[in-house]
1. Is it the case that some residue within the range A:141-158 is more than 7 Å from chain B (Cβ to nearest Cβ), assigned to a loop (DSSP other than H, G, I, E, B) and either crowded, with 19+ Cβ neighbours inside 10 Å or on the phi > 0 side of the Ramachandran plot (or both)?
2. Of all the residues that make up the range A:362-379, how many are among the hydrophobic types (A, V, I, L, M, F, W, C) and without any contact (Cβ under 8 Å) to a residue 24 or more places away in the chain?
3. In the range B:197-206, which residues are out of contact with any Cys (no Cβ under 6 Å at 6 or more places or on another chain) and within 7 Å of chain A (Cβ to nearest Cβ)?
4. Would you be able to tell me the number of residues in the range A:41-76 that are over 12 Å from A:VAL18 (Cβ atoms) and assigned to a strand (DSSP E or B)?
5. Give me the residue from the range A:77-87 that is in a loop (DSSP other than H, G, I, E, B), open to solvent by 30 Å² or more (accessible area, probe 1.4 Å) and not β-branched (Val, Ile, Thr) and, out of that set, nearest to B:PHE160 (Cα to Cα).
6. Out of the strands (runs of 3 or more DSSP E) lying entirely within the range B:446-559, which hold 2 or more residues that are closer than 30 Å to A:ARG170 by Cβ?
7. Among the residues of the range A:113-140 satisfying the criterion of being closer than 16 Å to A:ARG41 by Cβ and open to solvent by 10 Å² or more (accessible area, probe 1.4 Å), which is nearest to the other protein chains (Cβ to nearest Cβ)?
8. Checking the conditions here, which among B:LEU20, B:LEU44 is open to solvent by 20 Å² or more (accessible area, probe 1.4 Å) and touching a helix residue (DSSP H, G or I) at 6+ places or on another chain (Cβ under 8 Å)?
Protein chains: 2
Amino acid sequence: MRSHYCGHLHETHLDQDVHLYGWVHRRRDHGGVIFIDLRDREGLVQVVIDPDDPEIFATAERVRNEFVLEVKGRVRRRPEGTVNPDLPTGQIEVLGKELNILNRSETPPFMLDIEDDEVSEEHRLRYRYVDLRRPDMFKRLKLRSQVTQVLRNYLDHHAFLDVETPMLTRATPEGARDYLVPSRTHQGHFFALPQSPQLFKQLLMVSGVDRYYQIVRCFRDEDLRADRQPEFTQLDIETSFMDEEEIMELMEGMVADLFTRVQGVELPEFPRLTYAEAMRRFASDKPDLRIPLELVDVDDLMKEVEFKVFSGPANDPNSRLAALHVPGGGELSRKAIDEYTKFVGIYGAKGLAYIKVNDLAAGREGLQSPILKFLPDEVVEQIMARTGAKDGDVVFFGADKAKVVNEALGALRVKIGHDLDMVEQGWRPCWVVDFPMFEWDEKDNRWYSMHHPFTSPKEEHIDLLDSEPEKCYSRAYDMVLNGTEIGGGSMRIYRSEVQKRVLKALGIGDEEAQAKFGFLLTALKYGCPPHGGIAFGLDRLVMLMSGARSIRDVMAFPKTQSAADLMTEAPSEVPPEQLVELGIRYYKRAEEKKKG
Amino acid sequence: MRSHYCGHLHETHLDQDVHLYGWVHRRRDHGGVIFIDLRDREGLVQVVIDPDDPEIFATAERVRNEFVLEVKGRVRRRPEGTVNPDLPTGQIEVLGKELNILNRSETPPFMLDIEDDEVSEEHRLRYRYVDLRRPDMFKRLKLRSQVTQVLRNYLDHHAFLDVETPMLTRATPEGARDYLVPSRTHQGHFFALPQSPQLFKQLLMVSGVDRYYQIVRCFRDEDLRADRQPEFTQLDIETSFMDEEEIMELMEGMVADLFTRVQGVELPEFPRLTYAEAMRRFASDKPDLRIPLELVDVDDLMKEVEFKVFSGPANDPNSRLAALHVPGGGELSRKAIDEYTKFVGIYGAKGLAYIKVNDLAAGREGLQSPILKFLPDEVVEQIMARTGAKDGDVVFFGADKAKVVNEALGALRVKIGHDLDMVEQGWRPCWVVDFPMFEWDEKDNRWYSMHHPFTSPKEEHIDLLDSEPEKCYSRAYDMVLNGTEIGGGSMRIYRSEVQKRVLKALGIGDEEAQAKFGFLLTALKYGCPPHGGIAFGLDRLVMLMSGARSIRDVMAFPKTQSAADLMTEAPSEVPPEQLVELGIRYYKRAEEKKKG
């Protein structure tokens, strides 16, 4: 066994005999002496091979990059002038007295001192075992392990029990697309991999477990957007007999404890924003509070203007007309503004109106805008007053269906914040609360749950479920950090009749409810306690904490956008007899086409 | 929020106001007073409803078993004569001053004070959320959570990193049957759920992670025997640059630490048995050392006897002839011995010869046995001498193919040990080492790995891989506790050429090896460190520690023998459009029959 990790050696070990294992990070021959940078997970140390010992010298000459070595030697101070202040072990070196090559290596597929983006991600994923040797990658795995350790300790300390729930479960109605697992013993039947252990954790509350947590794999067979993975990890939490205030306080404490212990920082207070306020001020239900830009609504000013692009939305209750004031944005070039116009187009915005403020005191003359001619003086004055625009600023406008305006201006706010270097340093968490229960889906012509169908409505809105579902608000709470939703939770429905009414609002009648959620509805009848919980996206949280740019960089073996593992080449074909056992056949689309 | 768990109240809380939540375990009306045993996960406390407060009394009258209550009240000493010494809270009671019914319950499907086997397991599984309320079940879930916590702390302390490996992986050649997951984005291709993260953890060693662990779900689509589940949980461990001695020492330390912290017991030393010795003395590679019975081989004595049942096996190198000496077994009735004969028949034994020792000094006259007449005096004497049989004992014989004798006498040894109440109290761990690399499979006419194809042969046996695989021993080590294998591990192959030779011995040529294990063989070429590891069956370990009779009793939501979840009714049918998306069809056997 090693005496030390390479990267842990320093001056306190001077003159000690050490026993090291590691990989050859680099070998240099210099004036008849061989230097080997020996690397293990904790860092590098320089090993000097004594030229006076012919045997060890001969071995050292055979050494190449990424060979696996065992080294015994003595720690000594580096000679004057060869100290490397950039290396934690740079004050010392190891005089190698024994050297064994434990394994050889072919020339690695890429150098280990690259940055994440210097090699194609495909290549990194294919040789993931080499990629993970890069110190940045190892640090992320280590951070992830520390994060789970600290979270677990907090929850253990607060009497939460780690309980495992099944992976081979029942399909999730009302959820995303499930991964299915054909059953061999019940042919024609399928398990589904869990999208979350939502119903199982609720059943654990019915069981009286009282406080549950689990760090658990979840699955969604979705077309992968930028930062989604078919399998991802949740810190899943549920508790009985606590209300949302108590749960939020406990979870704030947990996240604050995590950042103190792992990052060494004190998180600021967690402000609470209602969903309505978050949308109004930041056009987002996961506002990045590090960006000091806010929207103001101006529809009331525009109802009468002749400019239809504004007056139309201003008079439509499903639309929104909002202004985004950007201090110092007057510097933005015509080209930059064209780029932003293209950018909001991604979200469906048909244009991006703006007013540049050159000289506020000069009135209309001091402003610069293609739309100025459509707006009466008093409207312009009120816009300036309401946004607080000053000389050198710009005000952008969004006017469209509320959804389009929110997505476009929400994204623009973040983009401009980054482009103009306005993003504050550090961590800005918040809670978003008071979500609507339902969202209307134009395409399917029905209501969908904004969270999930087990989220409790506010007590005072239960009687609106049938008549005015749009006025129902839920007891949900999302934790947001620097513009990313890291946790989503709610108080759950614990009464069978309320659950049935919510399902009915979603268009699920009693019979269908019984078929799909019968076991839950039954369980609610046998003494279900009031309960609630939350689930944190662990990958995303670790990504934020590590500063990685993708969740793939905080997973040991992630999948590509097409949900494939390039290293093991999964998914793969399987022997036909395996499918016979399952009673399933597959057809390739190409074959179907030939038939058709 | 509660002020206390019900079960935590005791005399130190006298005269304190408490705020409790829980379930009605029992309600009794006695002399105009209502008593409610309020239960939460930590235990019961008696709540007395004051008859002088009409409102709370009316509420209490509506209360039924398993209703969910909120109670505020004051702790007081129970009146003389009503103290319940069997209950931890039995010295006190709570005078209820406020009572809210938070939820009602229908009459539960079974009583909560039953033992595990008083209700059919089907019924318990269907209403698992009620079953888990039983204090025995909750204690097991709690123990399981404590066990993982202590194991994690030990491993965190020893610089192991918790790293997650994929669940959607590549099919496992050479393993058990995989659960398959059809890919939607790569039609005709399938993921497999992992049988263990074996190759991923080895790749993490190639990555230099150095010390890895994970508590991880594994899957096997096997026909379920008594104590198997389609999904089970492993504590999976791997480390580089340590040899088997160091790994075994570290793991012994971990398990000893676990038992000290969770059970409050010091484990004895872990003796090491070679596979050969374990088979010879206990006819098992997972010997239960609590049972003070051992086998002795007697084939050398029987080579010349005329009794073919003995002399046949005695002269066949693939057979075994062994005696099991049972002190005090002379008491066994004819009927009992007939039962044992039937019992060994399960394992293929064609009979069960025995000699009862009535009076050793009387020689042949003092013995009682149907086979005595076939054995010469000196053989009988030597049997008596070698087994050490004394008056009142019995000696059983097994004579057959070695496999049959070992299974039959191995099982008989354990059964008799229990029947005659010989099982020592406490914990008897051991290591079994020096396993053969391969087992010959008569049916398939080929060698199979005794552990798995990545297990390293002993260095000195590498050159026998091609010529004499039966003489190759592996660097595997199994941890056995009270007759149950709780952990299996080995040093792994870390050189590409050795891996190829082992695969070849298994009948897997270079081309097939490349197709099935190409990514591993490639990884071994890029600087793979010497490494080894172990995996513990967490379910089984917790079952042993909790004294539960089945691993189903230490899982929150286990499946039945036919791999179904009776509560959620998984697996289930899925909408046809989901299968269309996956490009698969299933056929029911019945339909196939109709066609045929």
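The values are calculated or read from the model by the stated rules, or taken from the named source; none is laboratory data. Owing to the predicted nature of the structure, the values given are computational and were not obtained by experimental measurement. Cβ placement follows ideal geometry from the backbone for every residue including glycine, while neighbour counts extend to all protein chains displayed. These area figures cover heavy atoms from the full protein model, side chains too; ligands, DNA and RNA do not enter into them. Shrake-Rupley method; radii C 1.70, N 1.55, O 1.52, S 1.80 Å.
1. no
2. 3
3. Those that are out of contact with any Cys (no Cβ under 6 Å at 6 or more places or on another chain) and within 7 Å of chain A (Cβ to nearest Cβ): B:PHE200, B:LEU203, B:LEU204.
4. The total comes to 7.
5. That would be A:LEU87.
6. Passing ranges, in order: B:531-537.
7. Residue satisfying both the conditions and the ranking: A:ARG133.
8. Answer to the check: B:LEU44.
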